[in-house]
1. Give segment 373-389 a look and list any residue that's assigned to a loop (DSSP other than H, G, I, E, B) and at pLDDT 95 or above, or say none.
2. Name the single residue that is nearest to PHE258 (Cα to Cα) among those in segment 218-244 being touching a helix residue (DSSP H, G or I) at 6+ places or on another chain (Cβ under 9 Å) and part of a loop (DSSP other than H, G, I, E, B).
3. So is ASP125 surrounded by 12 or more Cβ atoms within 10 Å (Cβ to Cβ), at pLDDT 95 or above and in contact with a Pro (Cβ under 6 Å, 6 or more places away or on another chain) or not?
4. Can you find a residue that is of a type in the set (Gly, Ala, Ser), at pLDDT 95 or above and buried (at least 19 other Cβ atoms within 10 Å of the Cβ) anywhere in segment 209-232?
5. If a residue has to be touching a residue at least 24 places away in the same chain (Cβ under 8 Å) and either loosely packed, with under 14 Cβ neighbours inside 10 Å or not in a loop (DSSP other than H, G, I, E, B) (or both) to count, how many in segment 188-208 make the cut?
6. Here is a check on your reading of the model: is MET323 within 23 Å of the chain's Cα centre (by Cα) and more than 16 Å from ASN161 (Cβ to Cβ)?
7. Go through segment 52-166 and tell me which strands (runs of 3 or more DSSP E), entirely inside it, have 2 or more residues that are at positive phi.
8. Only one of (1) over 19 Å from the mean Cα position of the chain (by Cα); (2) crowded, with 16+ Cβ neighbours inside 10 Å is not met by VAL177, so which one is it?
Amino acid sequence: MENLRFGNAYFDPGYADLEIVERKGLGHPDTLADALAELISIKYSKYCQEKFQAIPHHNIDKLYIGAGLFQSNYGFCRRVVPVTININGRMSASFGDEKIPLESLQRDSIIGYLRSILPNLQESDFIINHNATQNSRLPHWFAPRDINDLPEYAHRSAGDNAVCVFSWPLTTTEKLVSDVEGYFWKKDGRFPEPRFRFLGQDIKVMAIRQGKHINISVRVPVITTQIKDHDEYLGIVQSVAQELNQFISSLLSADYSFDLEVNAHRPYMLGIGSCIECGEEGLVGRGNSNSGLISIFRPHSVEAPSGKNPVYHTGRVLNYLTMKLSKAIYDQLGTKNTVLAVTKNGGSLVPPYLLSIDTDQIIDEMVVKEIVQKNFMEVDYLNELLNQRRIA
């Protein structure tokens, strides 16, 4: 392909003296918003693909969740104001003469996920506002008469000027943060489920590595209805800290030392498990990057993939393809790398305007071109986005 750039400017934050990495857990409002937008888009896309053999225009990457109010303390939790889920954006509500059941598709997606992630949240505890519109200057953009009103099926071009970037592999600190948050989840079903009934899901992990020493801060809520007083709260926190100390010790080599803080400075208790119960809010794109982490010294894309059209939108398609390619290069050549893709609105999507690959060692460019061909150019990305993409 043209406009394929190779370089050796890969920066490895694992070798820097200072590295800072965060993860907003699965129950964090921003992470919840990402997941719900992605799941609604997937369910909508699959329905339309089966029904019409095409996916109409939609983008719900401004989904909002939060601002509920629950009174909770030792031994109780009471809803005062329900949580609100606003499905903002635009979705085609029909294809030809057939209506698309937007509200039921959206609701099914939301309920199935929240039941798994937040088991203490009842269906009566939240309100869904179906705000997606069909407003457009183009009269049939969100009301296609047939596939001819979906020009991307005749000529697939990029839907935006955008940059997407992904780096692999994870550093020791990045993997540690991911594994520590993952410690609280069972991930053998369709969606993750909490491992501990007495702990909430709005978990945040931050690691600050200076040289070979890592300071790890974990905030994990204790469910108020599971404890009767402050002593019981402290006992749970101390038990979690002891288990995490053992778990982290098993992850790190002897080269590293660490100290761990769990719920330092002030108590952290919630009734339903997420801060959406106390007025906090979540929006798509404000949380973790495509790697599932917030790695302060990594280049990252501001293109939030969740909820965007999987057929042609750069943020959804190339965030996925750069990740797939970066992992393939490392798996096959053992070279750390950063893959960056740039598109221009209305220009080529695959291949993009520019595909840049920076590695930590000299590579055989002909071999990499073969990897690019197989893991970027020829990928059935639509099928993979709808059936294989990890939601987390």
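The values are calculated or read from the model by the stated rules, or taken from the named source; none is laboratory data. Here the structure is a predicted model, which is why all the values come from computation and not from measurement. We place every Cβ from the backbone using ideal geometry, glycine too, and count neighbours over all the protein chains shown.
1. If the condition is that a residue be assigned to a loop (DSSP other than H, G, I, E, B) and at pLDDT 95 or above, then GLU378, VAL379, ASP380 are the ones that fit.
2. Ranking the candidates gives VAL220 first.
3. yes
4. Within segment 209-232 (the criterion being of a type in the set (Gly, Ala, Ser), at pLDDT 95 or above and buried (at least 19 other Cβ atoms within 10 Å of the Cβ)), the answer is no, since none of the residues qualifies.
5. 11
6. So MET323 passes the test.
7. Qualifying strands (runs of 3 or more DSSP E): none found.
8. Failing condition for VAL177: (1).
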